[in-house]
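The values are calculated or read from the model by the stated rules, or taken from the named source; none is laboratory data. Since this is a predicted model, take the numbers as computed values, not measurements. Quick reminder, even Gly has a Cβ in these numbers, built from the backbone with ideal geometry, and neighbours come from all protein chains shown. Just the protein is used for accessible areas: all its heavy atoms, side chains included, with ligands, DNA and RNA removed. Shrake-Rupley method; radii C 1.70, N 1.55, O 1.52, S 1.80 Å.
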Amino acid sequence: MAIPGNATPLVRAEQDNAAAPVIRTIGLSDLHQALRLGWEDFKAVPSHAIILCLIYPVLGLVLARTVLGYSVLPLLFPLAAGFALLGPFAALGLYELSRRRERGEEASAWDALDVVRSPSFGAMLGLGTLLLALFVTWVTTAQAIYIAAFGYEGVTGISDFATRVLTTPQGWWLIAVGCGVGFLFAVVALCISVVSFPLMLDRHAGAGDAMVTSLRAVAQNPVPMAAWGLIVAVLLVLGSLPFFLGLAIVIPLLGHATWHLYREVVAPDPNPRPIPPRPMRERRSAVDFPANLFPWRRKDDA
């Protein structure tokens, strides 16, 4: 006879294993399929995607002007490259648009904002905070690498900076070490977030479970995931070249494609948990705007 106290942990472990997402083995053709479907989503809702991502090229232009104005040009590339670490979190609205189109529902800019009502939005914020900490650590590390190469002496302009980096042994050392360290940061971000945010949006998983699933996906598909990371890096570089304006297309394309990559890697949930319907909001007339600020007075008047 089994002892109930000893059997309960085993039953819970079996339930946890059964509930763990099933990871599929994918190939390079699946990456092409994800990009194709992402492009279809972008073409279906281009205005919405551009509106959602317009902040990125604007932020890039402001960033470039600020950096040039304050003579901290060496941080321009680390800052621009580091924003890729925040991309998975910043694309939450794009995942929601792709999810709605996948279900045959209408997709609009307002629908993208529904992601904040997700039961796992708190977990998304937690993982997003982790990526932000990774971004800050990368920028600090990049600055330390530059100081180790050239000291605290500032640069007088773009030509001076380019001469230092491209024509001196210290500059070559900076490029080699900086790119190597940046690659490590990018690998960490890719491993913990490649499917994490779509999983939390789709299955309302916790941040820990989502990161574990992402690590499993990378471990089971190392070559395709490495190729995906390379694709993301190349597209971001191409989008950044014309004064960051190309990011208005690259960011939504990658965001939509990441959702479809998640669908390729993670098998559908055989037992999806039902989500309770959202309460209907009372529609109020605009002419009642001042009174709407004081609902208790309406009750007293009634």
**Study point:** Lone unmet requirement of (1) of a type in the set (Lys, Arg); (2) within 30 Å of Arg24 (Cβ to Cβ); (3) in contact with a Gly (Cβ under 7 Å, 6 or more places away or on another chain) for Arg164
**Key:** (2)
Check your understanding: Among the residues of segment 159-188, how many are open to solvent by 90 Å² or more (accessible area, probe 1.4 Å) and closer than 17 Å to Val139 by Cβ?
Key -> 2
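If the requirement is being under 26 Å from Thr129 (Cα atoms), open to solvent by 40 Å² or more (accessible area, probe 1.4 Å) and at pLDDT 85 or above, which of these qualifies: Arg203, Arg216? Before you say what the answer is, go through the steps one by one.
Working: Arg203 fails: open to solvent by 40 Å² or more (accessible area, probe 1.4 Å).
Arg216 is the lone residue from the list that is under 26 Å from Thr129 (Cα atoms), open to solvent by 40 Å² or more (accessible area, probe 1.4 Å) and at pLDDT 85 or above.
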Revision key, fill the gap. Given (1) surrounded by 19 or more Cβ atoms within 10 Å (Cβ to Cβ); (2) modelled with pLDDT of 90 or more; (3) small (Gly, Ala, Ser), Ala80 misses just (2)
Study note, to complete from the structure: Within segment 219-238, residues being open to solvent by 60 Å² or more (accessible area, probe 1.4 Å) and in a loop (DSSP other than H, G, I, E, B) number 0
Practice item. Quick one: in segment 38-77, of everything that is open to solvent by 60 Å² or more (accessible area, probe 1.4 Å) and among the hydroxyl-bearing types (Ser, Thr, Tyr), which residue is modelled with the lowest pLDDT? Key: Tyr70
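Can you go through Thr141, Thr156, Thr137 and tell me which one is surrounded by fewer than 15 Cβ atoms within 10 Å (Cβ to Cβ) and in a helix (DSSP H, G or I)?
Of Thr141, Thr156, Thr137, the one residue that is surrounded by fewer than 15 Cβ atoms within 10 Å (Cβ to Cβ) and in a helix (DSSP H, G or I) is Thr137.
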Review point. How do the pairs read when you match residues in segment 32-46 that are within 15 Å of Ala91 (Cβ to Cβ) with residues anywhere that are open to solvent by 50 Å² or more (accessible area, probe 1.4 Å), using Cβ under 7 Å and keeping only pairs 6 or more apart or on different chains?
Key: Asp41/Arg101
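Can you tell me which residues in segment 144-153 are open to solvent by 70 Å² or more (accessible area, probe 1.4 Å) and either in a helix (DSSP H, G or I) or modelled with pLDDT of 90 or more (or both)?
Here is the first cut: in segment 144-153, the residues open to solvent by 70 Å² or more (accessible area, probe 1.4 Å) are 148, 152-153.
The answer is Ala148, and nothing else.
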